[in-house]
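Written below as structure tokens is the structure these notes are about.
The values are calculated or read from the model by the stated rules, or taken from the named source; none is laboratory data. Bear in mind the structure is a predicted one, so any value in this text is a computation, not a measurement. Here the Cβ positions follow ideal geometry from the backbone for every residue, glycine too, while neighbour counts run over all protein chains shown. What goes into the accessible areas is simple: the full protein's heavy atoms, side chains included, and nothing from ligands, DNA or RNA. Shrake-Rupley method; radii C 1.70, N 1.55, O 1.52, S 1.80 Å.
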Amino acid sequence: MLERVDEIAADILARKIDKRAAVEGFESLSAADRGRLISRLKSAMPAGGCAQTVAPRRAGQLRCINERQLGASHLRFISDLADRYARFAPTSKQNAVKHRRYLVDARKIANLKKPIKSLQFHITYKTAVGPYLHDVDGNRYIDITGDNGVNLFGGSPELIANAVTNRVKDGYPLVGYTEELFEAAKLFCELTGNERVAFTQSGTEAVMWAVRMARAATRRSKIVIFERSYHGLSDTVGAVRSHDGSSVSAGLGIPQEYADQLIVLEYGNAEHLEIIAERSEEIAGVLVEPVQAAQPHLQPGHFLQELRKLTLETGMLLIFDEMITGFRVCPRGAQGHFGVKADIATYGKIAGGGMPTGMIGGAAKYLDFIDGGQWELEGSSMPKLERIYLGGTHTRNPVKLAATVAVLREMKRLCPGTLDCRGCSCFQKQLSARTEAMAEELNSFFREQGLPVRIDYFSSLFKFTFIDDPFGIVREMFLVQLRMNGVETSVSGNFFLTTAHSDEDVKAIVTAVKSSLSTLLTANFFLPVEDGAPQATEDSGGTAPGAQRGVSDADRQLEKLKELIRADFRKFEEGAH
Ligand code: PMP
């Protein structure tokens, strides 16, 4: 039914149907799908979008305090916390400063806030096993960093650790073939449904080569990427969309000439498909992060299906960057989830089992650009001449491939395998369901408390969205509190449940989140919003305006849908004048 949800959402957003038809579509859905439709509509309305401009604040609704609003009591709280934190993790704090002279680390300054910078240091870890991290000061944390999406089975699972150890014992030749290389390639193709695969040293490289392949295959130069997608650090994808829609260099050191090769569009915006159609003669490929880690609630299945049709019609490649979604949502990744087959797709993370790696999988006709395709040692056949260059010292490092084989064998053991991941109920789906249950329990808590916080999630990825101040001081304070309550997060803001987390671990995460926010609430880091002030966003499951005690959930949901549609139409009407 997810497809149906996407369809209705897309129709409403594109205003293909009127309010009555929207309500009828909504009523034809199951209760769960109604909830999904509402959250999809909410998320698809641009950041700061329609619902934000019109929804009145509910009584009891809170907002985050910002840096300029910090008063004496807040500063005292921060100073006390800094003292406690320094006692909690003294060696980590010392290390953060001591090694700065030699160690270059951009991450340590990510979202640094002057009033709380003494709290913003990295922990030095000692062990990472199962769902737990231990630091050098003897603290134990439940790990929800998932190592930025690498750990599906938790930290250092025995099956991977053994495979890596054995390979290290046997040596790790980098130049020729090893058995791991063959098994990794075969398993990868079987599980993902790709015809061929090439290994790279990182996800960044996989994307670079995928883009090169698309340009080689089409002899066109432009690549479409989307706002808020991430595709690694190379200049190949180093552009952002400016207010007038043009592409500008993503930062210092990236020449504008690179950005000029990119067309940056709005993800999920059906109107932007027309731009692709109009400029199709110069576009080699469209690169998507199918569910963006930056906004996992945006799951535009219908948009991707339309994009697939368009790219086929116009002879450009559709490239899925499955770095996070691949092997997480199901063995076939987002392609299996949405029922859309890309021409080529890039992978890494989970499939690397914790080792640095990347993969490009796809149709043989494109992968053949790397090695000239099929030919025989005997006889007269030779590789095709049209080729692109791809290499790298560690592309086939057998230690990382041993980890890959271990992960893929386990994946195959645990998932019965199906061509259509949407019908599957394998361990990944169960993990997704656990993530959803945890997120929704917390979302209810946020709503009850009037907190301007929401958990957005897709599959086993989740993130805390501080609605009115996404990267503000309160979010940073929350992450510190969470750590002191025994849950470790990362600066990326992307968090993950793994198969290693027990139900007790999940309960402990929930408790830590509630307790961390309650502490900040008590210390007045959230302030009441005056009645009638515009609301940053409105929630998906709480009491809708007009809802009363005794009104059924379905009625409340319907009310909410109408409110969203009203907001959207009003915005549309305002824009039209
Ligand atoms: N694409 C996506 C979607 C990613 O999430 C990442 C890594 N976070 C990359 C590309 C780059 O991968 P790597 O860090 O291995 O270079």
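Applying the criteria of a DSSP loop state and at most 16 other Cβ atoms within 10 Å to the chymotrypsin sites (Phe, Trp or Tyr not before Pro) of segment 57-153 yields Y102.
Distance from the C-alpha centroid of segment 441-471 to that of segment 114-178: 27 Å, rounded to the whole angstrom. In segment 302-447, taking the dipole from charged Cβ atoms about the Cα centre, the farthest positive-side position among S432, L390, M355 is held by S432. Segment V129..E266, full-extension length gain: 45.4 nm, with 0.36 nm per residue of separation and the alpha-carbon distance subtracted.
Please work out whether segment 223-338 counts as rounded, prolate or oblate from its C-alpha gyration tensor, where a ≥ b ≥ c are the square roots of the eigenvalues and a/c under 1.5 means rounded, while otherwise a/b larger than b/c means prolate and anything else oblate? Cα axes put segment 223-338 in the oblate bin. For the pair E67 and S30, a Förster radius of 35 Å applied to the C-beta separation gives a FRET efficiency near 0.20, rounded to the nearest 0.05. Available extension along the chain between T314 and T393 is 24.8 nm, counting 0.36 nm per residue and deducting the alpha carbon span. For segment 314-385, the normalised intensity computed at q = 0.19 Å⁻¹ comes to -0.81 (log10 of I(q)/I(0), Debye sum over alpha carbons, equal scatterers, no solvent). Spin-label pair D80-Y102: with each label point 7 Å from Cα along the Cα-Cβ axis, the two points sit 4.0 nm from one another. Close amide H pairs (under 5 Å, H built 1.01 Å from N) link R63 with L527, V529, residues at least 5 positions away or on another chain.
On segment 99-147, 56 percent of the accessible area sits on carbon and sulfur atoms, based on a 1.4 Å probe. In this structure M382 has an accessible area near 140 Å², from a 1.4 Å probe over the protein heavy atoms.
Using Cβ point charges alone (K and R +1, D and E -1), the dipole size of segment 255-344 about the Cα centre works out to roughly 600 debye.
Counted residue by residue at 0.36 nm each, then reduced by the alpha carbon distance between them, the extension gain from V23 to S425 reaches 141.7 nm.
From the cross-link list K429/K514; K186/K222; K98/K169; K108/K429; K93/K463; K186/K429, which pairs have alpha carbons spaced over 30 Å apart? Each step should come with its number before you reach the end.
Working: K429/K514 26 Å; K186/K222 32 Å; K98/K169 35 Å; K108/K429 34 Å; K93/K463 26 Å; K186/K429 24 Å.
From K429/K514; K186/K222; K98/K169; K108/K429; K93/K463; K186/K429, over 30 Å: K186/K222; K98/K169; K108/K429.
Give the carbon-plus-sulfur fraction of the accessible surface of segment 169-214 in %, rounded to a whole number; probe 1.4 Å, heavy atoms of protein chains only. Ligands and nucleic acids excluded, carbon and sulfur reach 56 percent. As a rough guide to protection, the peptides 111-118, 321-328 ranked by mean Cβ packing within 10 Å, highest first, stand as 321-328, 111-118.
Take each peptide in 267-276, 291-300, count the other Cβ atoms within 10 Å of every residue, and average; sorted highest first, the result is 291-300, 267-276. What does the net charge come to around Q374 if you take all other residues with beta carbon closer than 12 Å to its beta carbon, with K and R at +1 and D and E at -1? Within the 12 Å Cβ shell, the charges total -1.
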